[in-house]
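The values are calculated or read from the model by the stated rules, or taken from the named source; none is laboratory data. Everything numeric here is computed off the predicted structure, so don't read it as measured data. Positions of Cβ are backbone-derived with ideal geometry, glycine not excepted, and every protein chain shown enters the neighbour counts.
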Amino acid sequence: MGKHKQRDRIAKLVSWGHWFTLANILICLAIGLFYVQSALVSTSPLATAYLIVSWLGHFAFLPFVFFIVLVFPLCLILPYSGILRGYAAVVASIGIFALLFDAIFFDQYGFHLNTYSLTQLAADAEEWFPGGSFLMLLLVIFSFLFILGLQLILANLSWKRHDALQGKRFAKMLAAVFIGSFLVSHSTHIWADANIYTPITQQDDLFPLSYPTTAKSLMARHGWITVEGFQSQSDRLTGNQRLVARYPNTPMLCNKLSASSGVTVVAFDSLSEMQQAELMNSVPGLASYQHRHLGQRELTSAVYSLLYGMPDLYTESLEQQNVKPAYLQIMNDFATPIRLFNTAQFPERALPQALNRDFNEFTGVVNYNFNLDIVFASGSDIANIAEFLSAQPSTQQIIITSLTNRHIIGSVANADPKSLSVPLYTMNVELEERELSNLEDILPTSLSNFMSCAEGFRSFTNGQDMRSESRNFPRVMSVRPYIYIFENNQTTVIDENGDMQLFNSEGELVPGAVPPTPVFIQSLRELQRFGG
């Protein structure tokens, strides 16, 4: 009789484990909806059907594997219901908590949890408010305790109601649906992978613990390249077809600040080393910044990047929409209108058509009204600009940059980010110590003297206020036909085919190296913030 009782006890524990696992499958399916709603909208009925079937199969499979690996063996080795219920509740709590945390993180950042993710989350929490990482830790602890309490209730309830549940037929039907979904989804993926069917293969990194991804499949999922043969999606990276900009992407909620001085921004088309030396000698007090300050390859893109604070991928869309920079009207409402000038030598073709009536020919008249002046000049205007700057009030804040590097060679072999370096000079402007800046940072830095906006200036620019302390890396920049991802010790350059070159901190090419996947995804999402 003892053996029969032992066998019956084990059978009941295994059966209870199935019901407990079913309850957790339903919880996982509910959490899985976070991932489903994060998926890119597909016009393919097959891809939509695959998404649903994959959701059912994947989130049923995960709890079942946990049961088989971690709970089922103990049913045979340690067949004591009280111990097993507590143990299973702890295991399930850890799994459900990790899945929920990953789902929320994925919805916000676009990639799954790993050691980099936790560091990123803690850093962002501290940026949102001081002590944010500590409050986040408290939230994590209380969330886990809540889930543990829920799991203990489920474990005990399913044990007490076990005999009543045994008579239910829906469990077999659900099991058949889950098993069928799992088999169908994997069979479909094998076919899609063999035929490079984009709408399905671009879902590879959607669910946690799913298919491994490559840089190209990630770029395909985010719409930067096509997967068919990994050919270039030139409409995105070369501008053959326009990428629609949503500008600004959120309403600008800004307050006026009391400005004690005006700001003058001078942007030269390019500056030779001789012209830079002449400028420094002619305008005493100019400070030259030695960190990497990056321009553009093409003049029109450079002008748009500076004025709109947007990646050059949106230049054609902004031009087509004939939209003005979002901050112009706000500055007018604050009775501090921005004055735009261009010298006779600066190519007018590079200026936005939407601002034709706003630009005036540069005459060298000095600003005494605490306004913001933006001057576009040619390198040949260096003498006139130097005279203009020397006549500025002693408190005038001055920012000078070059839009392009005149030595740039636009070949694939010259993808080295050092080729984009342009000079940056300031006077009466204290910039925070940083290692990298670009043209998108010029206007946020200038406008911070006149207004303060909710979320900084993120509603209209990817640029950063160089006066304030901010996390400098990772940072992404587009200079067609390349995308540059800057990290502390390396820079990744991606061309329109999704092929990569990675340079170390010394500027040396590192064959075969790739950036961390979370950094890669985060960078693509940052570029896409203004995509309509």
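For segment 399-410, the condition of being in a loop (DSSP other than H, G, I, E, B), in contact with a Lys or Arg (Cβ under 8 Å, 6 or more places away or on another chain) and exposed (fewer than 15 other Cβ atoms within 10 Å of the Cβ) holds for at least one residue. Taking interchain pairs and intrachain pairs at least six residues apart, which have beta carbon atoms under 9 angstrom, with the first residue in segment 287-313 and without any contact (Cβ under 8 Å) to a residue 60 or more places away in the chain and the second part of a loop (DSSP other than H, G, I, E, B)? Cβ pairs passing all conditions: 300/347; 300/351; 300/352; 304/310; 304/352. Restricting segment 69-84 to residues that are under 15 Å from residue 19 (Cα atoms) and of a type outside the set (Val, Ile, Thr), the residue that is surrounded by the most Cβ atoms within 10 Å (Cβ to Cβ) is 75. If only residues of segment 148-180 that are surrounded by 15 or more Cβ atoms within 10 Å (Cβ to Cβ) and not hydrophobic (A, V, I, L, M, F, W, C) are counted, the one that is nearest to residue 88 (Cα to Cα) is 151. Within segment 350-368, the set of residues being touching a Ser or Thr at 6+ places or on another chain (Cβ under 8 Å) and either closer than 18 Å to residue 323 by Cα or assigned to a loop (DSSP other than H, G, I, E, B) (or both) comprises 350, 362, 367.
Against the numbered list (1) out of contact with any Ser or Thr (no Cβ under 7 Å at 6 or more places or on another chain); (2) at pLDDT 90 or above, residue 410 comes up short only at (2).
Considered as a group, the residues in segment 184-202 that are among the hydrophobic types (A, V, I, L, M, F, W, C) and in a helix (DSSP H, G or I) include one that is modelled with the highest pLDDT, and that residue is 184. Might you check whether a residue that is more than 27 Å from residue 386 (Cα to Cα), touching a Ser or Thr at 6+ places or on another chain (Cβ under 8 Å) and not in a helix (DSSP H, G or I) occurs anywhere in segment 334-349? The answer is no; no qualifying residue exists.
Is it true that some residue in segment 456-475 is modelled with pLDDT under 90, assigned to a strand (DSSP E or B) and within 24 Å of residue 400 (Cβ to Cβ)? Within segment 456-475 (the criterion being modelled with pLDDT under 90, assigned to a strand (DSSP E or B) and within 24 Å of residue 400 (Cβ to Cβ)), the answer is yes, since at least one residue qualifies.
A Cβ distance below 6 Å, combined with a sequence gap of six or more or placement on separate chains, defines the contacts here; from segment 182-196, residues that are surrounded by 14 or more Cβ atoms within 10 Å (Cβ to Cβ) reach residues that are of a type in the set (A, V, I, L, M) in the pairs 184/53; 185/53; 192/200; 196/227.
Candidates are the residues of segment 438-453 that are part of a strand (DSSP E or B) and touching a helix residue (DSSP H, G or I) at 6+ places or on another chain (Cβ under 9 Å); the one that is modelled with the lowest pLDDT is 453. Only one entry in 496, 526, 506, 435 is charged (D, E, K, R) and touching a helix residue (DSSP H, G or I) at 6+ places or on another chain (Cβ under 8 Å), namely 496.
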